[in-house]
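The values are calculated or read from the model by the stated rules, or taken from the named source; none is laboratory data. Small disclaimer: the values here were computed from a predicted structure and weren't measured. We place every Cβ from the backbone using ideal geometry, glycine too, and count neighbours over all the protein chains shown.
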Amino acid sequence: MSGGVGGTGAAGTGGSAGSEVRGPTPAANGVNFPFPQNRHSTYCSYPNYRNADVQAAYAKWKNDTVTSDGAGGFLRVKRPKEPGLEPNSTVSEGIGYGMILAVYLNDQSLFDGLWKYEQLWLGKNELMDWYISGNGKDRLGTGAASDADEDMAWALLMADRQWGGKGSLGDSYLNIAKHQIEQVYNHEIQDDKLLKPGDTWGDWSTVNASYFAPSYYRAFAKASGNDKWNQVLQTSYETLAKALNSANGNADNGLVPAWCTSDGAPNPNVFKDGPAAPTNYQYDSCRTPFRIGLDYCQNGEPRAQAYVAKTSQFFSGVGAKKIVDGYNLDGTPSPQNQSGQSAAFVGPAAVGAMSSANYSPFVQDGYDGVATMNLLVGGDYYDESWTVLSLLMLSGNFLDYTALSPL
């Protein structure tokens with residue numbers, strides 16, 4: 001259903017966008033999809049956005065989190081002061097986010113630098129160990145994280161379409177993408193069907209629904225020729241549906257547990273010999289409306305529409321300016337922080353609500369809040385990352401380049 005994204009570059013509702021130049025920007029100087037593209041899906045509605053907001057948020061994110069310190073001569077995304085974690089350390093998740101942002105903002109040098117850093121920290125399955133010290137000397141956490149690995153694979157596929165060739169890497173973006181997709185499939189998929197949380201652990205009892213990225217799996221199937229990715233897509237939607245039920249109290253609100261079984265039962269025991277895992281709607285779960293909303297906007301997937309209809313009804317009822325950074329599954333607030341808002345909650349909620357014009361006022365309020373770049377109660381690294389990711393989607397710039405043609 002690649003026809004879901006048009007090339008009109010219409011400006012939403014005009015107004016505050018003023019005379020800002022809109023995309024889609026024609027290919028030039030070896031770049032197929034220069035920023036901005038502003039390609040609007042026929043399935044989704046868009047707020048009144050400004051490309052300058054996206055660029056400003058990207059510049060702030062890059063200034064605050066990208067560094068060459070401790071990067072082995074390359075570049076990494078640091079977490080300046082995330083609670084409970086080593087200051088200025090790096091997680092593979094951040095590398096995945098950074099590669100996505102770099103490819104959509106046409107920042108090839110950053111993209112290549114992040115991937116070269118990633119290659120310094122491969123585990124036994126040729127996937128990046130998830131937690132690296134800020135000094136670039138120690139693995140603080142071993143094993144890969146599947147959400148990071150699939151984000152990197154997606155970004156590599158987009159890089160092939162954006163720039164072609166290989167940039168400063170040792171092989172082509174496409175070949176590297178195919179290898180990454182293969183490693184994810186071989187080591188992070190359970191029984192050819194379920195995305196595990198990592199390459200060294202997980203089974204049918206350890207599900208993190210916020211890792212599910214069905215729009216990616218369509219692209220992975222095409223790029224790799226492995227049709228079993230469609231089984232992963234199917235299982236993702238089946239598991240998501242099971243996680244919303246009357247026993248959990250979330251049948252109508254879409255608030256998925258952070259950790260559950262494939263049957264949808266909250267599971268606090270997924271971390272072997274570790275602390276209890278969260279099972280409410282928290283800083284993992286909050287990403288789910290983004291990843292699922294992406295599949296509706298890009299592909300018109302009815303199961304995605306059905307899911308984000310629930311989250312959109314719930315969050316629009318709360319109001320964009322009142323969304324807190326944590327909820328019990330029944331929808332009662334359970335904030336982790338008592339003051340301020342998190343872009344990781346507000347942005348994805350707004351992206352999910354793009355699925356229906358009925359939620360346009362809520363989407364606009366969500367966009368306006370995130371665009372302030374001040375919704376940072378969840379930490380600079382995480383919330384700044386989700387600020388830019390959300391603004392890209394809300395402005396028609398988070399696209400599946402494999403389904404589009406350059407101008």
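Quick look at the numbers
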quantity: Residues located in region 368-387, provided they are of a type outside the set (G, A, S) and either in a helix (DSSP H, G or I) or buried (at least 24 other Cβ atoms within 10 Å of the Cβ) (or both); calculated: D368, V370, L375, D380, Y381, Y382, D383, E384, W386, T387
quantity: Selection status of Q336, within 30 Å of R76 (Cα to Cα) and in contact (Cβ under 8 Å) with a residue 12 or more places away in the chain; calculated: yes
quantity: Selection count where residues are small (G, A, S) and closer than 19 Å to D149 by Cα, scope region 72-101; calculated: 5
quantity: Close pairs (6 angstrom Cβ cut-off, 6 or more residues apart or separate chains): within 13 Å of A177 (Cβ to Cβ) in region 217-231, among the β-branched types (V, I, T) anywhere; calculated: A219/T402; F220/I181; S224/I181
quantity: Answer from T42, T65 - the residue that is at pLDDT 95 or above, over 24 Å from D160 (Cβ atoms) and crowded, with 21+ Cβ neighbours inside 10 Å; calculated: T65
quantity: Filtered residue count, region 250-277, keeping only those that are surrounded by 18 or more Cβ atoms within 10 Å (Cβ to Cβ) and in a loop (DSSP other than H, G, I, E, B); calculated: 14
quantity: Answer from G96, G72 - the residue that is small (G, A, S), within 18 Å of L120 (Cβ to Cβ) and free of Cβ contacts under 8 Å to residues at least 60 places away in the same chain; calculated: G96
quantity: Counted residues, region 43-70 - those being in a helix (DSSP H, G or I) and not β-branched (V, I, T); calculated: 13
quantity: Count - residues of region 348-358 that are in contact (Cβ under 8 Å) with a residue 24 or more places away in the chain and either surrounded by fewer than 23 Cβ atoms within 10 Å (Cβ to Cβ) or among the hydrophobic types (A, V, I, L, M, F, W, C) (or both); calculated: 7
quantity: Single condition T67 does not satisfy, out of (1) free of Cβ contacts under 8 Å to residues at least 24 places away in the same chain; (2) in contact with an Asp or Glu (Cβ under 6 Å, 6 or more places away or on another chain); calculated: (2)
quantity: E118 acidic (D, E), in a helix (DSSP H, G or I) and farther than 23 Å from M393 by Cα; calculated: yes
quantity: Flag if R79 is under 19 Å from D368 (Cα atoms) and either buried (at least 17 other Cβ atoms within 10 Å of the Cβ) or acidic (D, E) (or both); calculated: no
quantity: Residues (aliphatic (A, V, I, L, M) and touching an Asp or Glu at 6+ places or on another chain (Cβ under 9 Å)) located in region 274-293; calculated: I292
quantity: Check on P34, crowded, with 16+ Cβ neighbours inside 10 Å and either modelled with pLDDT of 95 or more or in contact with a Lys or Arg (Cβ under 8 Å, 6 or more places away or on another chain) (or both); calculated: yes
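Yes/no per residue for (1) of a type outside the set (F, W, Y); (2) touching a Gly at 6+ places or on another chain (Cβ under 6 Å); (3) within 28 Å of Y367 (Cα to Cα):
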residue	(1), (2), (3)
L244	yes, no, yes
N248	yes, no, no
D273	yes, no, no
A276	yes, no, no
A304	yes, no, yes
A320	yes, yes, yes
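Conditions tested, residue by residue: (1) free of Cβ contacts under 8 Å to residues at least 24 places away in the same chain; (2) under 24 Å from W259 (Cβ atoms); (3) more than 22 Å from the chain's Cα centre (by Cα).
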residue: L120; (1), (2), (3): no, no, yes
residue: M128; (1), (2), (3): no, yes, no
residue: D138; (1), (2), (3): yes, no, yes
residue: G165; (1), (2), (3): yes, no, yes
residue: S168; (1), (2), (3): no, no, yes
residue: I189; (1), (2), (3): no, yes, no
residue: D192; (1), (2), (3): no, yes, yes
